[in-house]
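Structure, as structure tokens:
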Amino acid sequence: MTTEQLHLRPDHLPQHGSSHGSPHGGDRLLFLAEALRTFHDTGALAPSGPDLVSALVVPVTSRPNRPISVLEVGAGTGVVTRRLARVLRPGDRLHVVEANPRFADRLREDPVLAARPAGVGLRLSACRVEELPEAAGTTDTGQHDDTGKEAGTGQGADGERYDVIVSGLPFTNFEPARVRAILDLYLRLLTPGGELTYFGYLGTTTARTLVSGPRRGARHRAVVRLLRRFEATYGLGERTVWRNLPPARAHLLRLPGPYS
């Protein structure tokens, strides 16, 4: 696992007209190449569209009037990350987790992230979310945030907590036990009253059964049942995004407790 702070770098400032892209462009081509190479971990053939991104960042755009800490898991080429970098305020912290090394390299070079507002802390961890020190309840991470404080300290025995988690992981590609472990981890990492968003594509259960056979279809249905139970317990609402490729449904959930 590698964890690093991403700071403002003048040589990475975006040129006029390039603020919506990455330094080299071609996000869709990179995403497609990685999807074809490792579809199990990528889970799609194209990055999320603007409407789906808007649905996923709702907890950050309707937020308390204080600094917040945000965790994004499965950032891909950074379409959600760039939106978060634009809407976060000085004093906020964004921790981005991306296990794919090619996607992580793209995020390190992204000019929009480099040109985020001053005072917005940004940390990138190139690993699975289950491999974070916070996942094991470790408080001594050896990493430091932009203020010089040691990350993960001062948060109690369970490590750092987040006000918002935005998950881009393809849950229906995973085994049910791993999905359950990740959902349980999200609950541990959220502050009381903290909110979680994730999404799933529409019509995938039938397609998975037809394309992959009955065994994978059964695994897919088991994951869907697990997610529906999770949403029944913690769900606040959902939004169907038809203008996405493919159409998707974003879910908003909240951990019980006071949130101010």
Show me, for the stretch 161-173, the HN-Hα J-couplings you get by feeding each phi into the Karplus relation (A = 6.51, B = -1.76, C = 1.60, θ = phi - 60°), rounded to Hz, glycine and proline as x. 10, 10, 6, 9, 10, 10, 10, x, 6, x, 3, 6, 8
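Give the order of Thr197, Thr3, Thr61 when sorted by the count of other beta carbons within 10 angstrom, beginning with the fewest. Could you put the intermediate results ahead of the total?
On the way: Thr197 24, Thr3 18, Thr61 10.
Lowest to highest Cβ neighbour count: Thr61, Thr3, Thr197.
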Hey, fewest Cβ within 10 Å first, where do Ser69, Ser54, Ser125 land in order? Ser54, Ser69, Ser125
Neighbouring Cβ atoms within 10 Å as the yardstick, rank Tyr186, Tyr234 fewest first. Tyr234, Tyr186
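Since every read-out is calculated from the coordinates, none of them should be taken as a lab result. Computed from a predicted model, the values in this text were never measured in an experiment. Note: ideal-geometry Cβ built from the backbone for every residue, glycine included; neighbour counts use all protein chains shown.
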